[in-house]
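None of the figures in this text is laboratory data; all of them are computed from the coordinates on show. Keep in mind that what you see is a predicted model, and the values were worked out from it rather than measured. Glycine also receives a Cβ, built like all others from the backbone with ideal geometry; neighbour counts cover every protein chain displayed.
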Amino acid sequence: MNAKARILTLALIVAMAVPAARAQGAPAAVIEYSSGDDVLVIRAGRKVGVDDPIGLELYEGDQVQTGKGVFVEMRLASGGAVVKLAENTTFVLERLSDGQTSLQLVYGRVRAKVERLAGTDTFSMRSSQAIAGVRGTDFGIDVVASAGAAATTRTNAYCFEGAVEVTAFIRSDAHAAESLEAIPRSFVVAAGEMLSVEGDSGKAEATKTALDEAIRGFWVEYDYVSEPEARLDAAAPAEAAAAVEPAADPDRDAATARDAYDRGYQQGFEEARARFDRAFDPVAEGFLSREEEAAIRRASKIQAGGVIAGGLILAGGAAMAVNGIMLIDSGDLEGGADALRTGAIISATAIPFLALSLLSRP
C-alpha cells in the first residue's frame, strides 16, 4: 500500500472514530421536558434506546427527532440556554464546546431562549438557507416545505425579545442561470419581526416582515414548561403582542447584534457551514486522484470478500474435523478418518481466498 493509501486509511479511521469519541465527553444538554415518548436520538450513526426522554443526556453531534404531537425542551450545559423542539422536528447538536454553540434545524420548528453571552462566546442556529446568531434573546426558527405545485423550502427566523443577526444565503435568477454560489446577506431581525428565506436548490430570496401572528399564536399555545419566566401570556394577547413589539431603542438592539457579528460571527458562520455541509472528500482535499480512489475502493472490496469467503470455508472445515473426532471417539475409526480428511481438504480451499485478501493492492 503506497503512502497516499495509508494516509486515506488513517483519515477514514479518524473520521469514523470522531463521533464515538464525542459521545464519550461531558453531556452537552439534558432533556427537561417531553410531552410524549416518541423521541428518537441518533448518536454516532446509531439509534439510542429511549424509554423515558425526560432526564436523557445529549452529546455533541446527537440528532434528535420528535414524533407527531411530541414537544421536547432541553437545557444546554453551556450557558444554560433552553431550546424547545416542536412536533415532527429534526434537530442536530452540532457543536457545544469552548464557548461555541452551533445548532442545526433540519426540519420543523424550534424556539430558543438564550441568556446574555459572556466574552467571546457565540450561539448560532442554522438551516440550509440561513444562519441566526445571537448574544442573548428569545427567538425561533422554522424549516418547512412550502405548499403549492413548486417544491420549495422556507426558513423563517423570528424574534420575540432582543435582536437576531441572520445571514441569509440569497440566490437570484441571474445567479442560478450562471450556476453561481449563493450570496450571504446580513439582516437584523428585531423583536416582533421575522425574516423568511424561500426557494429551491436553484433560487432563494429573503423577505423581512412583521412577525406572523400565526407563529406567535403557536408559541403562545405551546409555551415553555420548564422555563416559566420565558412564557408569552396566552391569557392576555394584547399584552403578549406588546411584548414582542420592537424595543424602545431599536438602534441599540441593532448595534448589539452588529457588534456580535463584527466580533467574528461571519467567520464562525462560514467555518460551520463548510464543516457540516461538506463531508471529508480525499479527492477534494488533494490526497488522491479519482483513479487512485477507485483503485483503493476496488482493493478494499476484494480484501473484504476474500476474508469473508476464507473465514466461512475454514469454519466449514473445522466443523467437519470436529465431526471426525467425535466419530473416532465413538469407535467409528474409518468414518472419523474420512471426516478429518474432508475437513482438511475443505480448509485448504480457503487458502486462495485468504491469499487474495492479503495480496490485493490498489
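When 126, 171 are ordered from fewest to most other Cβ atoms inside 10 Å of their Cβ, what list results?
Ranked by crowding around the Cβ, least crowded first: 171, 126.
If you stretched the chain out fully between residue 302 and residue 332, how much longer would it get, using 0.36 nm times the residue separation minus the C-alpha to C-alpha distance?
6.7 nm
Can you give the Rg/Rh ratio of the range 41-132, where Rg is from the C-alpha atoms and Rh is the Kirkwood radius?
A ratio of 0.94.
I need the calculated FRET efficiency for the pair residue 351 and residue 183, taking r as the beta carbon distance and R₀ as 51 Å, to the nearest 0.05.
About 0.25, to the nearest 0.05.
Out of residues 5 or more away from residue 81 or on other chains, whose amide H comes under 5 Å of its own, with H placed 1.01 Å from N in the peptide plane?
Here 76, 115 satisfy the definition.
Using Cα positions and a limit of under 22 Å, work out the lysines in reach of residue 68, with same-chain residues fewer than 8 apart set aside.
Once the sequence-local lysines are set aside, what remains near residue 68 is 47, 84.
By the gyration tensor of its Cα atoms, with a ≥ b ≥ c the square roots of the eigenvalues, what is the shape of the range 180-222: rounded for a/c under 1.5, prolate for a/b over b/c, or oblate?
Note, shape of the range 180-222 comes out prolate.
Among 37, 142, 329, what is the fewest-to-most ranking by other Cβ atoms within 10 Å?
329, 37, 142
Would the range 290-359 count as rounded, prolate or oblate if I go by the C-alpha gyration tensor, calling it rounded below 1.5 in a/c and otherwise prolate when a/b exceeds b/c, oblate otherwise?
prolate
If each of residue 51 and residue 318 carries a label point 7 Å out from its Cα toward its Cβ, how far apart are those two points in nm?
Between residue 51 and residue 318, the simple spin-label model gives 3.6 nm.
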